[in-house]
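Structure record follows, encoded as structure tokens.
The values are calculated or read from the model by the stated rules, or taken from the named source; none is laboratory data. Keep in mind that what you see is a predicted model, and the values were worked out from it rather than measured. Every residue, glycine as well, gets a Cβ built from its backbone with ideal geometry; the counts of neighbours run over all protein chains shown.
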Amino acid sequence: MRVLGIESSCDETGAAVVDENGVVLSDVVQSQVDLHAQYGGVIPELASRDHLKNFGPVVRDALARANVTYPDLDGIAVTHRPGLVGALLVGVQAAKGLAWARGLPLVGVDHLVGHLLAVFLRRNPDAEPPPSFPFVALLASGGHTAIYRVDGPRAADMRELGATRDDAAGEAYDKVAKLLGLGYPGGPIVDRLATEGDASAVKLALPMGHDKTFDFSFSGIKTKIAQLVREENRPKTEDVCASFQHAVTTVLSKKLIDAARKEGVKTVVLGGGVAANRELRARTKALAEEHGLRAIVPDFASCTDNAAMIAYAGLVRLRAGERDGWDLVASSATSLPRTTRKGRGPR
Ligand code: KG4
Ligand code: ZN
């Protein structure tokens with residue numbers, strides 16, 4: 001099977017072709033970072049307009065790089081939730097048009113399910129073998145931060161064990177970078193500067209580090225940093241980055257491992273843009289090893305937004321015989337049940 005995946009939920013226009021083994025035949029990502037950087041964050045209407053402009057060339061490029069044409073495909077998968085609705089509408093409507101014109105089945109994919117399955121993508125022949133179910137996954141991105149127990153590849157097999165009560169981890173990175181005047185998106189910049197700083201030079205409490213739930217909170221640490229940067233003897237930027245990164249990655253990795261141990265699950269997985277963070281990757285691997293668990297960390301390109309993970313999650317649905325109709329809608333909310341405090345029960 002070969003599936004074309006389409007992603008337009010935020011500020012990346014993506015198209016990719018993936019086969020049933022998760023082998024990535026092509027993965028094209030057209031980032032809008034330069035467009036939004038001048039505003040310090042994503043401007044929804046500009047994102048929609050840019051998806052509209054980039055969609056055609058990105059899809060053509062993905063097919064050409066995979067060396068396939070439409071008759072070689074078994075279906076089209078498109079992100080239809082969660083995300084910026086105007087941005088999602090562009091991808092969903094364009095995917096419907098393609099599926100209709102080419103007589104291909106269409107499936108909508110929840111972007112978060114895509115992130116949770118990104119670990120199955122194979123970008124090179126000697127990639128680490130994918131996990132078997134069940135596993136416990138930390139999904140940390142710009143819009144979401146939660147821990148899931150994943151018993152299978154379908155949305156119905158995924159259960160939220162804990163989630164952020166305020167900001168997402170990536171959002172906290174972006175806001176801290178903005179406070180420090182470092183540009184957008186902040187994650188990769190703070191990650192790099194942290195390696196040049198001394199984490200012990202600035203004291204920051206571990207956010208919800210001693211709490212027994214698998215919930216997170218990142219707004220307090222952000223406020224603390226906002227105070228620090230206003231002080232007369234403002235600490236060195238590199239030291240603030242190192243201390244912030246130390247606190248955030250310590251809590252994320254610790255709660256992930258604690259959740260797996262509580263669930264009696266032997267494998268942990270990372271997903272989402274923040275999973276590209278070097279310290280989080282290293283810490284999670286070390287802590288997992290210490291507790292006799294296996295940690296699987298996707299390639300960098302599989303962590304940040306991409307259409308290959310959407311193609312793979314769509315392939316799982318198509319293989320199970322599922323199809324969506326021409327009435328497929330876009331939604332700002334995830335389909336995954338949110339059972340923790342922020343979610344206030346299943347909905
Ligand atoms: O998954 P993603 O590409 O988009 C969303 O679905 O939100 O995640 C983007 C987020 C941004 O907040 C960005 O700052 C963060 O991931 N990010 C990182 C790193 N690379 C990207 N955060 C920390 N360290 C990184 N190396
Ligand atoms: Zn994402």
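Remarks
- Flag for Thr304 being under 19 Å from the mean Cα position of the chain (by Cα), of a type outside the set (Lys, Arg) and more than 27 Å from Ala95 (Cα to Cα): no
- Some residue of the range 131-144 being within 14 Å of ligand 1 (Cβ to nearest atom), in a loop (DSSP other than H, G, I, E, B), among the hydrophobic types (A, V, I, L, M, F, W, C) and in the same structural domain as Gly264 (by TED's automatic domain parsing): no
- Positions within the range 258-299 being surrounded by fewer than 24 Cβ atoms within 10 Å (Cβ to Cβ), hydrophobic (A, V, I, L, M, F, W, C) and within 16 Å of ligand 1 (Cβ to nearest atom), in sequence order: Ala276, Ala282, Val297
- Taken over the range 125-175, the residue count meeting the criterion of being without any contact (Cβ under 8 Å) to a residue 60 or more places away in the chain and more than 26 Å from Leu84 (Cβ to Cβ) is 7.
This table checks each residue for (1) touching a strand residue (DSSP E or B) at 6+ places or on another chain (Cβ under 9 Å); (2) under 18 Å from Ser9 (Cβ atoms).
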position	(1), (2)
Glu279	no, no
Ala286	yes, no
Asp305	yes, yes
Met309	yes, yes
Leu328	yes, yes
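Each row is one residue, and each column tells you yes or no for (1) away from ligand 1 (no atom under 14 Å from the Cβ); (2) under 21 Å from the mean Cα position of the chain (by Cα); (3) among the acidic types (Asp, Glu).
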position	(1), (2), (3)
Gly187	no, yes, no
Val190	no, yes, no
Ala194	no, no, no
Ala199	yes, no, no
Ser217	yes, yes, no
Val229	yes, no, no
Asn233	yes, no, no
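- Qualifying residue in the range 275-288 (condition: free of Cβ contacts under 8 Å to residues at least 12 places away in the same chain and on the phi < 0 side of the Ramachandran plot): yes
- The sole residue among Pro207, Pro185 that is within 16 Å of ligand 2 (Cβ to nearest atom) and at pLDDT below 95 is Pro185.
- Meets criteria (within 21 Å of Gly187 (Cβ to Cβ), among the charged types (D, E, K, R) and away from ligand 2 (no atom under 16 Å from the Cβ)) for Arg317: no
- Boolean, Gly114 is part of a strand (DSSP E or B), outside the structural domain of Glu263 (by TED's automatic domain parsing) and farther than 19 Å from Lys285 by Cβ: no
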